[in-house]
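**Q** Handing you this structure, nothing more for now.
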Amino acid sequence: MIYLDYNATAPIRPKVIETMVEAMQLPANPSSVHAMGRAARKQLEQARAVVANSVSAFANEVIFCGSGTEANNMALRGFVDRPVLVAASEHVSVLRAADRMGGDRVCVDSNGVIDLAALESKLRALGRPALVSVMLANNETGVIAPIAEVAKIVHRYESLLHVDASQALSKMPVDMGMLGADMLTLCAHKSGGPVGVGALIIRNDLPIKTFMVGGGQELRRRSGTENLAAIMGWIAAIECGKSLDWCKPVEGWLRTMEQKLIAQAPDLIVAGADALRLPNTSCLVMSGVSSEVQLMNFDMEGFCVSAGSACSSGRIDASHVLKAMGYDEKMASCAIRVSAGWNTKEVDVLSFTQCWMATYQRLSKKAA
């Protein structure tokens, strides 16, 4: 099988496995006061510093948690006294949390970029400080948001900005200060780390409401015994992912793929193609052929790709991201996502390109 679904979860790096196996040899709780507990605490705090440094934050701003979804919920539900505004193309964990809080959605343009004028208009109309959530890089299209510009507008209205950077870490530079974010979500398994660990980085002067109560771990902001083995594995992934040298060739392979496919299939749409995108992501819309049919065919041919977010319990629905971008229900049901990463080879992309063209020739004729 050729794996091209890194945005769902990236293959775990060998160094991560090695680090986690070593960490699991020590049955220590970072909250224990004995020698082994203190050693575990030291490892935890060192890990906190590494995560902070990876996005130019402070160590005491890092709250470890169980996933990017949990971090997103922590951020939105931590300020229940504020009205919530989210971009219409956000990850479902943000959209559903916002819906439960009676939040409102800000429209995006045809490339999936948030409408800054619409954002400012909504903030002005609210007349009081809000909480705004905009993801740095979209998980389905790879489109990168103008977060620094968003931050200027948000702070002009004395509001807070949460940024979901789950897809961005280890694929592009992420600097919390330069972005102007008040809170930042990170996730380990999108960049070669283990599933089951993430972090919310929050300015330490913000009085966030406690989301998980219990023993008072994580600076009393998120109780629960820390998953130290997974955290240490994540640190290994961060260290391995410091170099972005793999990004440029991967980007070249994917953009060449898009050009070849469009040359053979003029009705192909590359969602978000006119916007700044992550180097590893390509969202392809094969008109008239459902995502489900495409995925079944690619799977039988030995390719792992997806229809968008992998957080829907195996369901294949029309992409809410594409619908927010103005695609109708039918077109939004015909998209697949190709996402490469640190272990992708040029031959993988070339092979998929050939498979896509053959599949298009076969399925488009049936659709017609």
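**Q** Tell me, yes or no, whether region 328-337 has at least one residue that is assigned to a helix (DSSP H, G or I) and under 22 Å from the mean Cα position of the chain (by Cα). Give the derivation first.
**A** Taking region 328-337 and keeping what is assigned to a helix (DSSP H, G or I), we get 329-332.
Now drop any that are not under 22 Å from the mean Cα position of the chain (by Cα), which leaves 332.
Checking region 328-337: at least one residue is assigned to a helix (DSSP H, G or I) and under 22 Å from the mean Cα position of the chain (by Cα).
**Q** Scanning for something under 20 Å from residue 169 (Cα atoms), touching a Phe, Trp or Tyr at 6+ places or on another chain (Cβ under 8 Å), modelled with pLDDT of 95 or more and β-branched (Val, Ile, Thr), does region 32-50 turn up at least one residue?
**A** no
**Q** Which is part of a helix (DSSP H, G or I) and surrounded by fewer than 18 Cβ atoms within 10 Å (Cβ to Cβ), of 294, 259? Give the steps one after another, and end with the answer.
**A** Working: 294 fails: surrounded by fewer than 18 Cβ atoms within 10 Å (Cβ to Cβ).
Just a single option satisfies the conditions, and that option is 259.
**Q** Can you work out which of the residues in region 302-320 that are assigned to a loop (DSSP other than H, G, I, E, B) and at pLDDT 95 or above is surrounded by the most Cβ atoms within 10 Å (Cβ to Cβ)? Reasoning before the result, please.
**A** Just the residues of region 302-320 that are assigned to a loop (DSSP other than H, G, I, E, B), to begin with: 302, 305, 307-319.
Filter again for at pLDDT 95 or above, leaving 302, 305.
Details: 302: 11, 305: 24.
In this case the residue turns out to be 305.
**Q** Does residue 102 fit the bill of being buried (at least 22 other Cβ atoms within 10 Å of the Cβ) and assigned to a loop (DSSP other than H, G, I, E, B)? Talk me through it step by step, then tell me what you get.
**A** Values: buried (at least 22 other Cβ atoms within 10 Å of the Cβ): no; assigned to a loop (DSSP other than H, G, I, E, B): yes.
No, not satisfied.
**Q** Turning to a different aspect of this structure: In the list 276, 268, which residue meets the criterion of being of a type in the set (A, V, I, L, M), surrounded by fewer than 24 Cβ atoms within 10 Å (Cβ to Cβ) and under 19 Å from the mean Cα position of the chain (by Cα)?
**A** Working: 268 fails: under 19 Å from the mean Cα position of the chain (by Cα).
After ruling out the rest, the residue left standing is 276.
**Q** Working carefully through the options 181, 199, find the one that is touching a His at 6+ places or on another chain (Cβ under 8 Å), aliphatic (A, V, I, L, M) and modelled with pLDDT of 95 or more.
**A** On the way: 199 fails: touching a His at 6+ places or on another chain (Cβ under 8 Å).
None of the other options fit; the residue is 181.
Conditions (1) surrounded by fewer than 24 Cβ atoms within 10 Å (Cβ to Cβ); (2) not aromatic (Phe, Trp, Tyr), marked per residue:
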| residue | (1), (2) |
| --- | --- |
| 322 | no, yes |
| 326 | yes, yes |
| 329 | yes, yes |
| 334 | no, yes |
| 340 | no, yes |
| 345 | yes, yes |
| 348 | yes, yes |
| 355 | yes, yes |
| 360 | yes, no |
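**Q** Step by step: first the residues of region 1-35, then only those that are assigned to a helix (DSSP H, G or I) and exposed (fewer than 14 other Cβ atoms within 10 Å of the Cβ), then the one that is farthest from the chain's Cα centre (by Cα). Which residue is that?
**A** So in region 1-35, the residues assigned to a helix (DSSP H, G or I) come out as 14-23, 35.
Adding the requirement that they be exposed (fewer than 14 other Cβ atoms within 10 Å of the Cβ) leaves 14, 17-18, 21-22, 35.
Working: 14: 22, 17: 22, 18: 25, 21: 26, 22: 28, 35: 37 Å.
In this case the residue turns out to be 35.
**Q** Let me confirm something: among 251, 226, which residue is closer than 30 Å to residue 57 by Cα, touching a residue at least 24 places away in the same chain (Cβ under 8 Å), in the same structural domain as residue 166 (by TED's automatic domain parsing) and of a type in the set (D, E, K, R)? Lay out the reasoning, then the answer.
**A** Values: 251 fails: in the same structural domain as residue 166 (by TED's automatic domain parsing).
When all the criteria are applied, what remains is 226.
The values are calculated or read from the model by the stated rules, or taken from the named source; none is laboratory data. Being a predicted model, the structure only gives us computed values, none of them experimental. All Cβ positions, even for glycine, are placed from backbone atoms using ideal geometry, and neighbour counts span all protein chains on display.
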